[in-house]
Amino acid sequence: MVSARRSFEGTLAIASLRRLCGALASTDGEVSFELDFGRDSFGTSYVDVRASAPLTLICQRTLEPFVLPVMLQTRLGLIAQEREEAGLPPDCEPLLVAEDGRLRPADVIEDELLLALPLVPVNPDSRLPDEVTGHDLAEDPAGEGHSENPFAVLRELKK
């Protein structure tokens, strides 16, 4: 595939990516992907991976599901042994290929999507409920209200 500079594109059902499904709240949807194989001017074999998918995660702030649109683009340098990693250009991430030279595209896409997941998923549109924060934003929209200083008592003792 590298010598022939092959390209592949298509879609995969998210439900078919078993390892990824374990990190998701829902397995609905599809991953759109493009894989371009080639060799750079230094002779390094690579695969360019582009993928996009709507992944449903559980927000760790509100514990509600939300859809995180993931779009990734990366270049993976194909290596046969770990010691070859040092010879990769700085823009290449290493991808260790099996001894027989075979590569499962679905596994590569799944690995990259797993790496793109946030460590702690938080819906960017979420906010903590007023019961948790202890104040009503309608009463104090700019945060201008002043709470009593807990050290005011110590200041009085010092006098």
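Picking from residues in region 8-32 that are out of contact with any Leu (no Cβ under 7 Å at 6 or more places or on another chain) and part of a strand (DSSP E or B), the one that is nearest to residue 89 (Cα to Cα) is 9.
Filtered by the rule that a residue be surrounded by fewer than 17 Cβ atoms within 10 Å (Cβ to Cβ) and in a strand (DSSP E or B), region 75-103 gives 93, 94, 96.
Matching residues to (1) hydrophobic (A, V, I, L, M, F, W, C); (2) surrounded by 15 or more Cβ atoms within 10 Å (Cβ to Cβ); (3) more than 18 Å from the chain's Cα centre (by Cα):
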{"site": "10", "(1), (2), (3)": "no, no, yes"}
{"site": "26", "(1), (2), (3)": "no, yes, no"}
{"site": "29", "(1), (2), (3)": "no, yes, no"}
{"site": "42", "(1), (2), (3)": "yes, no, yes"}
{"site": "53", "(1), (2), (3)": "yes, yes, no"}
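What is the residue count in region 63-74 for residues that are touching a residue at least 40 places away in the same chain (Cβ under 8 Å) and crowded, with 16+ Cβ neighbours inside 10 Å? I'd like the intermediate steps shown before the answer.
Taking region 63-74 and keeping what is touching a residue at least 40 places away in the same chain (Cβ under 8 Å), we get 64-66, 68, 70, 72.
Pick out the ones that are also crowded, with 16+ Cβ neighbours inside 10 Å and you get 66, 68, 70.
Adding up the residues that qualify gives 3.
Here residue 37 clears all of (1) within 17 Å of residue 116 (Cα to Cα); (2) in a strand (DSSP E or B) except the condition numbered (1).
Answer yes or no: is there a residue in region 51-67 that is farther than 19 Å from residue 121 by Cβ and out of contact with any Lys or Arg (no Cβ under 7 Å at 6 or more places or on another chain). Before the answer, list the steps.
Going through region 51-67, the residues farther than 19 Å from residue 121 by Cβ turn out to be none.
No, there is no match, as no residue in region 51-67 is farther than 19 Å from residue 121 by Cβ and out of contact with any Lys or Arg (no Cβ under 7 Å at 6 or more places or on another chain).
Here residue 120 clears all of (1) surrounded by 10 or more Cβ atoms within 10 Å (Cβ to Cβ); (2) in contact (Cβ under 8 Å) with a residue 24 or more places away in the chain except the condition numbered (1). Residues of region 40-62 that are among the hydroxyl-bearing types (Ser, Thr, Tyr), without any contact (Cβ under 8 Å) to a residue 40 or more places away in the chain and in a loop (DSSP other than H, G, I, E, B): 41 alone.
Taking the stated definitions as given, is residue 114 modelled with pLDDT of 90 or more, exposed (fewer than 11 other Cβ atoms within 10 Å of the Cβ) and either in contact with a Gly (Cβ under 8 Å, 6 or more places away or on another chain) or closer than 18 Å to residue 70 by Cα (or both)? Can you show your working first?
On the way: modelled with pLDDT of 90 or more: yes; exposed (fewer than 11 other Cβ atoms within 10 Å of the Cβ): no; either in contact with a Gly (Cβ under 8 Å, 6 or more places away or on another chain) or closer than 18 Å to residue 70 by Cα (or both): yes.
No: the conditions fail for residue 114.
Is it the case that region 100-110 has a residue that's charged (D, E, K, R) and under 30 Å from residue 127 (Cα atoms)? Steps first, answer last, please.
Of region 100-110, the ones charged (D, E, K, R) are 100, 102, 104, 107, 110.
Next, only the ones that are under 30 Å from residue 127 (Cα atoms) stay: none.
Scanning region 100-110, I find no residue that is charged (D, E, K, R) and under 30 Å from residue 127 (Cα atoms), so the answer is no.
Looking at region 41-65 only, could you name the residues that are modelled with pLDDT under 90 and within 29 Å of residue 80 (Cα to Cα)? If the condition is that a residue be modelled with pLDDT under 90 and within 29 Å of residue 80 (Cα to Cα), then 41, 42, 43, 44 are the ones that fit.
Only one of these is polar (S, T, N, Q) and over 30 Å from residue 123 (Cα atoms): 3, 26. Name it.
Working: 26 fails: over 30 Å from residue 123 (Cα atoms).
Sole residue among the options that is polar (S, T, N, Q) and over 30 Å from residue 123 (Cα atoms): 3.
The values are calculated or read from the model by the stated rules, or taken from the named source; none is laboratory data. This structure is a prediction, so every number in the text was calculated from the model and none was measured. Glycine gets a Cβ as well: all are built from the backbone with ideal geometry, and neighbour counts include every protein chain shown.
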